[in-house]
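What follows is a short report on a single structure.
The values are calculated or read from the model by the stated rules, or taken from the named source; none is laboratory data. Since the model is a prediction, treat every value here as computed from it, not as a measurement. Counting neighbours? That spans all protein chains shown, and the Cβs are built from the backbone with ideal geometry, glycine included. When the accessible area is computed, the model is the full protein with side chains, heavy atoms only, and any ligands, DNA or RNA have been set aside. Shrake-Rupley method; radii C 1.70, N 1.55, O 1.52, S 1.80 Å.
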Amino acid sequence: MAIKSSGVSFILNFKNEKLLEEKYQLFFPDRLLLEELGFITANDLSFKIPKTENTKAQEVFLVGDKIVLFEKLENKPELPLSILVFTKIGQELLKLVKSTPELDYIQLLATKINRINGSIKYGQILAELPNGQIRYTNLIDVPLTDQEVDQERKQKAAEEKK
C-alpha cells in the first residue's frame, strides 16, 4: 500500500476514505499504532505536485510492483495529496515486504490526483536498475472508478438537457 515518489514513501491518508476502511480495514487505531511503533510520522502531511506553467510535467509514483505516471497538463495548479509519511525505520521495513497493489488502490490514487489535470497511466515494473532507472511494461490508462463513471454520465446528461 506504500507509494513512493520523489524519494518519499507514504500512504494516502485513510481518514474517512471508504475504500481503505472497508476493503483494506485501515482505521484510525491502526494509524495510532503505526505512529507509536515509529513507522509513520504523527503529522498529517501533504505531498505537493507542483503547478505547471507553460509546459507539461511528469510525476512518477511507485506503488508496490506497479509504476504510475501522471502527465500533468500545462497551466494547472499545485495538487496537494493528504498523506501519512513513513519514517526512516518505516522505509527500511518496506524494503522487506513485497507488495502487489490491487487496481482499486491505483484508481484511488488517480482520483486523488484528479484526472482533469492530466493523464494517468500505469504498468508493471520489470526492473529497478542501480542507476535509478525503472524498466516497465507498456503503460495503460488507469480506468475510471464506478463513482467517476456515474459522475461522467450525470454530467453528460445535464449537458444534453441544456
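Expressed as an acute angle from 0 to 90° and rounded to the nearest 10, what is the orientation of the C-alpha long axis of helix 103-113 relative to the principal long axis of the chain? Helix 103-113 sits roughly 70 degrees off the main axis of the chain. Applying the criteria of a DSSP loop state and at most 15 other Cβ atoms within 10 Å to the GluC sites (Glu not before Pro) of the range 22-78 yields Glu53, Glu74, Glu78. Considering the options Pro50, Val97, Ser6, tell which one lies farthest towards the positive end of the dipole of the chain, charges being +1 on Lys and Arg and -1 on Asp and Glu at the Cβ, about the Cα centre. Highest projection toward the positive end goes to Pro50.
With the other protein chains left in place, how much accessible area per residue, in square angstrom, belongs to the range 78-153 at a 1.4 angstrom probe?
I get 64 Å² per residue for the range 78-153.
In a DSSP loop and with at most 15 other Cβ atoms within 10 Å, the trypsin sites (Lys or Arg not before Pro) in the range 78-154 are Lys95, Lys98.
Where the accessible area of the chain is counted over protein heavy atoms with a 1.4 Å probe, how much of it, in %, is carbon and sulfur?
53
Adding -39500 (n - 2.57) for every DSSP H run of four residues or longer, then dividing by how many residues the chain holds, sets the calculated 222 nm ellipticity at -8500 deg cm²/dmol.
With θ taken as phi - 60° and the Karplus curve 6.51 cos²θ - 1.76 cosθ + 1.60 applied, the whole-hertz 3J(HN,Hα) list for the range 77-83 is x, 4, 10, x, 10, 7, 9 Hz, x standing for glycine and proline. For Lys154, the lysines whose Cα comes closer than 28 Å to its Cα, not counting residues fewer than 8 places off in the same chain, are Lys15, Lys18, Lys23, Lys72, Lys76, Lys112, Lys121, Lys162. Compared with the dominant Cα axis of the chain, that is its longest principal axis, helix 146-161 is turned about 20°.
Around the amide H of Lys72, modelled in the peptide plane, lie the amide H atoms of Ala57, Gln58, Glu59, all under 5 Å away and 5 or more residues distant in sequence or on another chain. In order along the range 20-37, the Karplus-derived 3J(HN,Hα) couplings, from 6.51 cos²θ - 1.76 cosθ + 1.60 at θ = phi - 60°, round to 6, 6, 6, 7, 9, 6, 9, 10, 3, x, 5, 4, 4, 5, 4, 5, 4, 6 Hz, and Gly and Pro are given as x.
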